[in-house]
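Input: a single structure, listed below in structure tokens.
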Amino acid sequence: MRVTLAALAAVLLAACAPKPETPEHTAVRLKAETDSARVAIEAQTARGVRFIAEGQPDSLASVYTEDVVAYWMDYPPTRGRAAIASKFRDFMATGSFVYRVTTLSVEASGAIAIQTSRVDVTFTPGPKAPRGTKPGTFTFYGITTWRKTGGEWLGSREIPIKGEPGQPTPAKQD
């Protein structure tokens, strides 16, 4: 009798076990997660752009995780929200920046997402800019990883790319 009850319990537990996700269900789930993440990430990106335009480096830092790492070109890694705010405070002291960010793609799975974007920046030197600094516009591409924390998507890693993603960089000519 005990063996029969144990066997019955095992059969019932096996029947209640979750079924493995099919490739079709995985594709549908990932598309839904990506679509949802893209809307939220584009909204966070727009907030960050607005904070830059308004000269608010502390508010800008709020769109990042506490343990963010930014690998900006020509600078050592910038680690943490306080360092992000400090770096942007230094940048903003030299003049005004107008950022235009275009999201090229977002891929999400669970609480992690990757955004690829094109960033166009227009800089106008201010009175505290180094002597001889000229206004200008430049473009770069970026990859940002986002982490959903407390129901909010926050940037966790930021990596700029010179040139277009997926395109080879021309070799230097001697």
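Taking the conditions exactly as written (modelled with pLDDT under 95 and in contact with a helix residue (DSSP H, G or I) (Cβ under 9 Å, 6 or more places away or on another chain)), does residue 92 satisfy them or not? Taking the combined requirement at face value, the residue satisfies it. Does residue 47 count as modelled with pLDDT of 90 or more, buried (at least 17 other Cβ atoms within 10 Å of the Cβ) and closer than 23 Å to residue 118 by Cβ? In short, no. Checking each residue in segment 134-154 for being among the basic types (Lys, Arg) and surrounded by 14 or more Cβ atoms within 10 Å (Cβ to Cβ) picks out 147, 148.
Table: residues versus (1) surrounded by 13 or more Cβ atoms within 10 Å (Cβ to Cβ); (2) at pLDDT below 95.
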| position | (1), (2) |
| --- | --- |
| 75 | no, yes |
| 96 | yes, yes |
| 103 | yes, no |
| 106 | yes, no |
| 113 | yes, no |
| 122 | yes, yes |
| 126 | no, yes |
| 132 | no, yes |
| 156 | yes, no |
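Can residue 33 be described as over 20 Å from residue 158 (Cβ atoms), acidic (Asp, Glu) and in a loop (DSSP other than H, G, I, E, B)? No; evaluated as a whole, the condition is false for this residue. Residues of segment 105-124 include at least one that is under 16 Å from the mean Cα position of the chain (by Cα) and not in a strand (DSSP E or B). Against the test of being in contact (Cβ under 8 Å) with a residue 60 or more places away in the chain and touching a helix residue (DSSP H, G or I) at 6+ places or on another chain (Cβ under 9 Å), the options 78, 103, 34, 45 yield a single qualifying residue, 103. Within segment 51-70, residues that are more than 16 Å from residue 150 (Cα to Cα) have Cβ atoms under 6 Å from residues that are among the charged types (D, E, K, R) and surrounded by fewer than 18 Cβ atoms within 10 Å (Cβ to Cβ) in these pairs: 57/89; 69/79, counting only partners at least 6 apart in sequence or on another chain.
The values are calculated or read from the model by the stated rules, or taken from the named source; none is laboratory data. Since we're looking at a predicted model, the values are computed, not measured. When we count neighbours, we look across all protein chains shown, and the Cβ atoms used for this are built from the backbone with ideal geometry, even at glycine.
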